[in-house]
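This report refers to the structure that appears directly beneath it.
None of the figures in this text is laboratory data; all of them are computed from the coordinates on show. Worth saying up front: this structure is predicted, and the values here are computed from it rather than measured. Cβ: placed from backbone, ideal geometry, glycine included. Neighbour counts: every protein chain shown.
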Amino acid sequence: MSAQPVVQVQDLDVYYGTSQILFGVGLSVRQGETMALLGRNGAGKSTTMKAIMGLAPARRGTVTLQGRVVSGLKPHHIARAGLGFVPEDRQIFPEHTVEDNLVIGTKKGPNGEDEWPIRRIYDVFPLLEPLRHRIAGRLSGGEQQMLAIARTLMGNPALLLLDEPSEGLAPIIVQRIGELLRQLRGTGATVLIAEQNMHFCLGLASHATVIDKGQIVYTSGIEELKANENIRQRYLAL
C-alpha cells in the first residue's frame with residue numbers, strides 16, 4: 001500500500017495582477033520522497049513553491065498538508081502546520097552567528113518530537129560545526145545555503161521546500177550541496193526541490209515533475225525521466 005501524500009496540490013491557479021502565472025497546477029509528494037520540480041527559467045517553479053507556502057495566494061485550487069487544507073492560511077500558519085521553506089535568497093540572519101541562526105529556527109514537531117536536534121544537524125552538515133561561532137553574513141554562498149537548509153530543518157518540518165538551491169553557486173559548491181541533499185534523503189526527510197538545473201537533481205531526487213508555461217506537463221520517477229529524452233529535450237534543455 002503506497003504512503004499517503006504529505007502534501008497534495010490540486011488545480012492551483014495563480015495570478016500576478018491580471019496575468020495568470022499558474023494554470024491548474026497539481027502535484028503530490030509522499031512521505032520520504034525527494035521530488036524535483038523542474039522547468040526552464042520562468043516556467044512557474046518559484047511561483048508554485050510560493051503558492052504552496054501561501055506567499056502567492058491562489059485564486060483557485062487547494063493545498064493539503066498531512067490531510068489538512070492549508071491553502072488560504074497566512075504563511076506563518078502554514079509554517080506552523082509543518083512546511084519549511086528555503087527561498088532562493090536564503091533569508092538567514094546575517095548579523096547572528098551560525099549557531100544562533102540554528103537556535104532561532106528551533107521548533108518542536110506537531111506531537112512534541114524533536115527530529116532535528118542541533119547534534120543531528122551537525123552530523124548531517126559537518127561543515128557547519130567548525131563555523132558555529134562565525135557571523136552568518138561572512139559565510140560563502142554555499143555555506144549560507146547549507147545554513148538556510150539546516151535552520152529550516154531545526155523547525156522539524158513535515159515537508160522541506162527548497163527553491164533553486166543551486167542558483168548562483170560555483171559548480172564545486174553545487175556538487176557539495178547535492179551530496180548533502182542525498183544524505184538528507186537517506187534520513188527519510190520529505191523534500192520538494194524547485195530547480196532549473198536538471199543534472200543537479202537527477203542524482204538526488206526520487207521523483208520528478210516538469211512544469212512549462214505554468215502547467216504541469218510530466219510526472220514520473222526519476223529513472224523514467226532519465227530515460228525520456230523527448231521530455232528532457234522539449235522542456236528542460238537549455
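One table, with the values for the structure above:
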read-out: Sequence-separation-based contact order of the range 1-117, relative, with Cα cut under 8 Å and 6+ spacing, percent; value: 22 percent
read-out: Residues H77, H207 arranged by fewest to most Cβ contacts within 10 Å; value: H77, H207
read-out: Stretch gain in nm, segment K226-E129, where the contour uses 0.36 nm per residue and the Cα spacing is subtracted; value: 31.3 nm
read-out: Interatomic Cα distance distribution for the range 127-238, bins of 10 angstrom, percent; value: 12, 42, 32, 11, 2
read-out: Protection-proxy order for peptides 167-176, 184-193, 45-54, each taking the mean of Cβ atoms within 10 Å per residue, highest first; value: 45-54, 184-193, 167-176
read-out: Calculated FRET value between R119 and S206, using beta carbons and R₀ = 35 Å, to 0.05; value: 0.85
read-out: The chain, relative contact order in percent, only Cα pairs under 8 angstrom and at least six apart counted; value: 28 percent
read-out: Set of the range 123-156 residues, backbone N closer than 18 Å to the point 7 Å along the Cα-Cβ line of E95; value: 134-139
read-out: Alpha-carbon Debye profile of the range 69-160, log10 I(q)/I(0) at 0.16, 0.25 Å⁻¹; value: -0.62, -1.28
read-out: T62/A237 FRET efficiency (R0 25 Å; Cβ-Cβ; nearest 0.05); value: 0.15
read-out: Antiparallel DSSP beta bridges within the range 118-238, percent to nearest 5; value: 60 percent
read-out: Share, in percent, of DSSP beta bridges within the chain that are antiparallel, nearest 5; value: 60 percent
read-out: Cα-based convex hull volume of the chain per residue, rounded to whole Å³; value: 127 Å³
read-out: Fraction in percent of alpha-carbon pairs per bin - 5 Å, the range 154-202; value: 5, 19, 31, 26, 14, 5
read-out: Computed over the range 54-124: relative contact order in percent, which uses C-alpha pairs under 8 Å that are six or more apart; value: 19 percent
read-out: Angle between the chain longest axis and helix 171-186 axis [Cα atoms, degrees, rounded to 10]; value: 90 degrees
read-out: Candidates E179, E164, E33, ranked by Gaussian network fluctuation over the chain, Cα under 10 Å, top entry; value: E179
